[in-house]
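The structure appears below as structure tokens.
The values are calculated or read from the model by the stated rules, or taken from the named source; none is laboratory data. For clarity, every value in this text was computed on a predicted model and none was experimentally measured. Please note: Cβ atoms are built from the backbone with ideal geometry, for glycine as well, and neighbour counts cover all protein chains shown.
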Amino acid sequence: MFKSLPYVAATGVFALAHVVAQAQDLKMSTNLAEAGQWTVMASPLTFHYSDINRDESEEKHSYVWLVGAEKMLNERYFAGAAFFSNSFGQPTQYVYVGAKFRPEPSMPKLFTKISAGVIHGYKPPYDKKIPINTSSGWGLGVIPSIGWDFNDQFAAQLNVLGAAGLMLQMNATFK
């Protein structure tokens with residue numbers, strides 16, 4: 001039951017994001033200036049929920065880092081790729097598409113994002129650590145996030161990694 005919880009939660013978040021997007025289409029236009037921009041990203045810090053009450057006998061997580069790039073395809077949708085070292089020290093890739101929202105007009109620097117795509121790299125004995133994954137390391141992922149634009153070029157976002165943890169990500173955007 002608990003293994004499917006992140007999948008169910010991610011599906012619910014995706015459905016909610018879709019409803020929000022439809023409502024936003026009716027109420028307001030999105031920021032057209034973002035279309036065509038490239039963003040490069042890096043993650044210096046990941047917090048694992050299981051680190052809170054870790055038993056000495058449990059395996060310690062490896063340092064997680066991430067680098068990647070994504071392009072805004074239009075005013076809302078983006079595509080990207082990321083390369084990272086997963087929680088178990090395995091080189092991993094994530095190729096994805098997603099949507100970006102500005103949910104609160106009174107706070108234009110606030111954004112939310114949701115991405116979904118193919119993950120490769122969670123291999124035995126850790127292939128069961130993500131809900132939808134094969135023993136050869138190919139899986140599916142959904143990552144919701146919330147972020148803040150410091151200015152037109154720099155932002156920070158917090159990625160929700162299912163039931164595993166939170167990842168701080170720094171973004172630099174170029175036209």
* Structure fact -> Within the stretch 69-91, the residues that are on the phi < 0 side of the Ramachandran plot, in contact (Cβ under 8 Å) with a residue 24 or more places away in the chain and small (Gly, Ala, Ser) are 69, 80, 82, 87
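Do we have any residue at all in the stretch 34-42 that's on the phi < 0 side of the Ramachandran plot, at pLDDT below 90 and part of a helix (DSSP H, G or I)? Break it down stepwise before answering.
Residues of the stretch 34-42 that are on the phi < 0 side of the Ramachandran plot, as a first pass: 34-35, 37-42.
Add one more test, that the residue is at pLDDT below 90, and what stays is 34-35.
Cutting the leftovers down to part of a helix (DSSP H, G or I) gives us 34.
Yes.
Considering 164, 155, 172, which residue is at pLDDT 95 or above and surrounded by 15 or more Cβ atoms within 10 Å (Cβ to Cβ)?
Details: 164 fails: at pLDDT 95 or above; 172 fails: surrounded by 15 or more Cβ atoms within 10 Å (Cβ to Cβ).
So the residue among 164, 155, 172 that is at pLDDT 95 or above and surrounded by 15 or more Cβ atoms within 10 Å (Cβ to Cβ) is 155.
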* Structure fact -> For the stretch 110-139 the number of residues that are aromatic (Phe, Trp, Tyr) and closer than 15 Å to residue 89 by Cβ is 2
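Considering only residues that are hydroxyl-bearing (Ser, Thr, Tyr) and closer than 16 Å to residue 142 by Cβ, which ones fall in the stretch 60-112?
Initial filter on the stretch 60-112 (hydroxyl-bearing (Ser, Thr, Tyr)): 62-63, 77, 85, 87, 92, 94, 96, 106, 112.
77, 92, 94, 96, 112, listed by residue number.
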* **Given (1) in contact (Cβ under 8 Å) with a residue 60 or more places away in the chain; (2) more than 19 Å from residue 34 (Cα to Cα), number of the condition residue 124 does not satisfy** => (1)
